[in-house]
């Protein structure tokens, strides 16, 4: 069974690419990840972030509800096309399944709108967790759909 799973979810948002990128990269995580989706809880707090989230190499600690955390490092910033990050040190229930994840947000023109895509490459925490990744992937896609809808509402306010 594979120990890595790639997942992606997209949404067309009626704003330009520059506006979509500029509104997404620095948005507080607690704004777009504020609700439960199945077993995935909201982000309750971000710690140890210095300044606006904008430069490759920045790190922060993300606290999950009801328990758990991870370290996020911004690995790539390519305005207004994409930014990438890596999640490590995952604790709590998510840490039982996920050893680390690489994430990316991309922004592609779609007429007068922008297609925003969010993807994760999920690496299983163990050989035993590998077979459960497809289930986590299905749940993640629902969580991503919900989060992209929240982001779209924020970007079009």
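The values are calculated or read from the model by the stated rules, or taken from the named source; none is laboratory data. The shown structure was predicted, so the numbers you read here are calculated from the model rather than taken from an experiment. Note that we place each Cβ from the backbone using ideal geometry, even for glycine, and neighbour counts take in every protein chain shown.
Here are a few things to note about the model shown:
- Condition check for residue 109: modelled with pLDDT of 95 or more, crowded, with 17+ Cβ neighbours inside 10 Å and more than 16 Å from the chain's Cα centre (by Cα): no
- Candidates 27, 40 - the one that is out of contact with any strand residue (DSSP E or B) (no Cβ under 7 Å at 6 or more places or on another chain), surrounded by 15 or more Cβ atoms within 10 Å (Cβ to Cβ) and at pLDDT below 95: 40
- Summed over the range 89-101, residues that are closer than 17 Å to residue 141 by Cβ and either more than 15 Å from the chain's Cα centre (by Cα) or in a strand (DSSP E or B) (or both) total 3.
- Filtered residues of the range 135-157 (kept if closer than 21 Å to residue 97 by Cα and exposed (fewer than 13 other Cβ atoms within 10 Å of the Cβ)): 135, 138
- Selection within the range 38-74 - in contact with a helix residue (DSSP H, G or I) (Cβ under 6 Å, 6 or more places away or on another chain) and either touching a residue at least 24 places away in the same chain (Cβ under 8 Å) or in a loop (DSSP other than H, G, I, E, B) (or both): 38, 40, 68
- Yes/no for residue 149 being modelled with pLDDT of 95 or more and within 25 Å of residue 11 (Cα to Cα): yes
- For the range 1-19, the criterion of being touching a helix residue (DSSP H, G or I) at 6+ places or on another chain (Cβ under 7 Å), more than 17 Å from residue 82 (Cβ to Cβ) and not in a loop (DSSP other than H, G, I, E, B) is met by at least one residue.
- Filter result for residue 124 (surrounded by fewer than 18 Cβ atoms within 10 Å (Cβ to Cβ) and either at pLDDT 95 or above or closer than 17 Å to residue 18 by Cα (or both)): no
- Residue that is more than 30 Å from residue 14 (Cβ to Cβ) and either in contact (Cβ under 8 Å) with a residue 12 or more places away in the chain or part of a strand (DSSP E or B) (or both), where the choices are 154, 86, 104: 86
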